[in-house]
1. Can you tell me which residue among ILE210, ILE259, ILE253, ILE204 is open to solvent by 10 Å² or more (accessible area, probe 1.4 Å), of a type in the set (A, V, I, L, M) and without any contact (Cβ under 8 Å) to a residue 40 or more places away in the chain?
2. Looking at this structure, is ALA75 open to solvent by 10 Å² or more (accessible area, probe 1.4 Å) and either part of a helix (DSSP H, G or I) or closer than 20 Å to ARG95 by Cα (or both)?
3. Taking the criterion of being among the small types (Gly, Ala, Ser), touching a residue at least 60 places away in the same chain (Cβ under 8 Å) and open to solvent by less than 20 Å² (accessible area, probe 1.4 Å), would at least one residue in the range 300-314 satisfy it?
4. Can you find a residue that is within 21 Å of ILE224 (Cα to Cα), surrounded by fewer than 21 Cβ atoms within 10 Å (Cβ to Cβ) and not β-branched (Val, Ile, Thr) anywhere in the range 317-335?
5. In a loop (DSSP other than H, G, I, E, B), touching a helix residue (DSSP H, G or I) at 6+ places or on another chain (Cβ under 8 Å) and of a type in the set (A, V, I, L, M): is that true of LEU21 in this structure?
6. Of the residues GLU256, GLU291, which single one is in a helix (DSSP H, G or I) and among the acidic types (Asp, Glu)?
7. With the range 369-479 as the region, which strands (runs of 3 or more DSSP E) entirely inside it contain at least 1 residues that are touching a residue at least 60 places away in the same chain (Cβ under 8 Å) and open to solvent by less than 30 Å² (accessible area, probe 1.4 Å)?
Amino acid sequence: MILIIGYGSFGRKVVNYAKNLDRVRVIDKNPTVFESVDKLDFEYIVGDACEKEILLKAGVKEADTVLILTNDHTANKKIVELIKELNPTAYLIARGIPKYPDLYSGIQVDRVIYPIDCAAKEIISEIEKSKLRKRLMDLEKVILDLKLKHGITMDVDNLKEGGVNNDSSISFLILMHNNPDPDSIASAMALKRILERWKVRADIGYGGRIEFDENKAMVNLLGIKLIPIEDIDINKYDGIAVVDTSSSKLLPINPEREIDILIDHHENGDLTAKYMDIRPDIGATATIMLEYLNELNITPKQDLATALYYAICSDTNYFRRKTSKKDFEAAGYLQDLMDPKTLEMIENPEMDTETMEILARSILNRKVVGSSIALSYVGTIKNRGALAKAADFLLKMEGITTTFVFGISENKIYISARTKDLRIDVGEIMRRAFGGGGHQKAAAASIDLGIFESVSDKDSLRKLVEEAIQTKILTVMGISEEEEKVKS
């Protein structure tokens, strides 16, 4: 929560920006300043913030950031002193008065600002920094608590320098979602680097497969050590972290104990953790992890920088899908650190024979509904990543705006979906139809083969699977039988 004291002309500008970052609560002793606003979409309290009772009523102890913006120098100093007493960990931004340059002398104020020299947007930048600082303090506390639980003493002042007072340490398992993508891999790498700074041992575990030729090239060329979940004993780890997913359905295991760290950019997850940072407004988890690295003064080495850069590019579809300003800024920062030659090899790996065959089958077997929706069953596959390539490939056909490509691998049916129609959300379609998920433009799902597993005739199996998958997709999309004019 952001607590803002003073709702004058400058305070109003700050509130207008700050309410987009977090819940805002305002204190001002003049009730008329609130009456003059047509629509108040924030909480406020009328009262004198120089009184401890008013600050407590406003929830000062809950605030992670406090801004004192009145033009009364005596009041400002008194309020600062009260806040340091009531909430010493809050990030404190106080308005400076030019006539009184030593106003806050002897008091620890995180930032003193002067409205004449400082625009409201610059204040918001300070608020964002304060919230990031608070997040990292919370993350540090999780690590400290685990170390203390296992009898490991830590010099808190030297936490960022890895101040461990003995040779023993704790260990973490960093989990990614099944069939991890570049964003989950790069984010896990970044979290492992942070944990290493704090003298915590960490392994990265995954379930399913490393799919897509690009993902395999990324892992191989950057020398990323990933451990299959089958080779992991979760009980030997002191802590569990999860990156790039907040859904239990997408985890390779169902952890019986509480997750310690959860960092993600997807919404509507069901997982909880001691430390959680979930920001759906960000295009890639890698962007969040780079914020952490920068705040901790950790400059990513070339392999990590390359991984993070590719992760941001791939998860935002090269900045064409759900991209925030922070994603652009992160990519710009990483450009000078990553290896362009390695990136080129990751982005353009050689295509294997099976992938080329699946692309061909997707074209031959396509069925077009309503002139713009293509569905294609490609039969039995080994490389599930080829489904996404086929879905992307079909999208290039004239008149096609949405594609669904599906095939059978082992005992499951896998579906990959793509669209360039802004009216269609394939992530929502995959979720409602098959319990899958993804983004508006790209999504995937898998379902058990079930009773179809007993069908031995390939032609019969094709007809059954095609009919079942196509019917489910079109039903969820709300396309009636009359509209289902299918063209091969």
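The values are calculated or read from the model by the stated rules, or taken from the named source; none is laboratory data. The structure presented is a predicted model; accordingly, all values stated were derived computationally and were not measured. All Cβ positions, glycine included, derive from the backbone under ideal geometry; neighbour counts span all protein chains shown. Keep in mind that these areas ignore ligands, DNA and RNA; they rest on the heavy atoms of the full protein, side chains included. Shrake-Rupley method; radii C 1.70, N 1.55, O 1.52, S 1.80 Å.
1. Working: ILE259 fails: open to solvent by 10 Å² or more (accessible area, probe 1.4 Å); ILE253 fails: without any contact (Cβ under 8 Å) to a residue 40 or more places away in the chain; ILE204 fails: open to solvent by 10 Å² or more (accessible area, probe 1.4 Å).
Within the list ILE210, ILE259, ILE253, ILE204, the selection yields ILE210.
2. On the way: open to solvent by 10 Å² or more (accessible area, probe 1.4 Å): yes; either part of a helix (DSSP H, G or I) or closer than 20 Å to ARG95 by Cα (or both): yes.
In short, yes.
3. Filtering the range 300-314 down to residues among the small types (Gly, Ala, Ser) leaves 305, 307, 311, 314.
In the following step, the residues that additionally are touching a residue at least 60 places away in the same chain (Cβ under 8 Å) were identified as 307, 311, 314.
So of that shortlist, the ones also open to solvent by less than 20 Å² (accessible area, probe 1.4 Å) come out as 307, 311.
The answer is yes, given that some residue of the range 300-314 is among the small types (Gly, Ala, Ser), touching a residue at least 60 places away in the same chain (Cβ under 8 Å) and open to solvent by less than 20 Å² (accessible area, probe 1.4 Å).
4. Filtering the range 317-335 down to residues within 21 Å of ILE224 (Cα to Cα) leaves 331, 334-335.
When the remaining residues are screened for being surrounded by fewer than 21 Cβ atoms within 10 Å (Cβ to Cβ), the result is 335.
Filter again for not β-branched (Val, Ile, Thr), leaving 335.
Yes, the range 317-335 contains at least one residue that is within 21 Å of ILE224 (Cα to Cα), surrounded by fewer than 21 Cβ atoms within 10 Å (Cβ to Cβ) and not β-branched (Val, Ile, Thr).
5. Values: in a loop (DSSP other than H, G, I, E, B): yes; touching a helix residue (DSSP H, G or I) at 6+ places or on another chain (Cβ under 8 Å): yes; of a type in the set (A, V, I, L, M): yes.
Yes.
6. None of the other options fit; the residue is GLU291.
7. Values: elements: 373-380, 402-409, 412-419, 442-448.
In the range 369-479, the matching strands (runs of 3 or more DSSP E) lie at 373-380, 402-409, 442-448.
Conditions (1) modelled with pLDDT of 90 or more; (2) on the phi < 0 side of the Ramachandran plot, marked per residue:
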| position | (1), (2) |
| --- | --- |
| SER416 | yes, yes |
| MET430 | yes, yes |
| GLY438 | no, no |
| LEU449 | no, yes |
| SER456 | no, yes |
| ARG462 | no, yes |
| THR471 | yes, yes |
| MET477 | yes, yes |
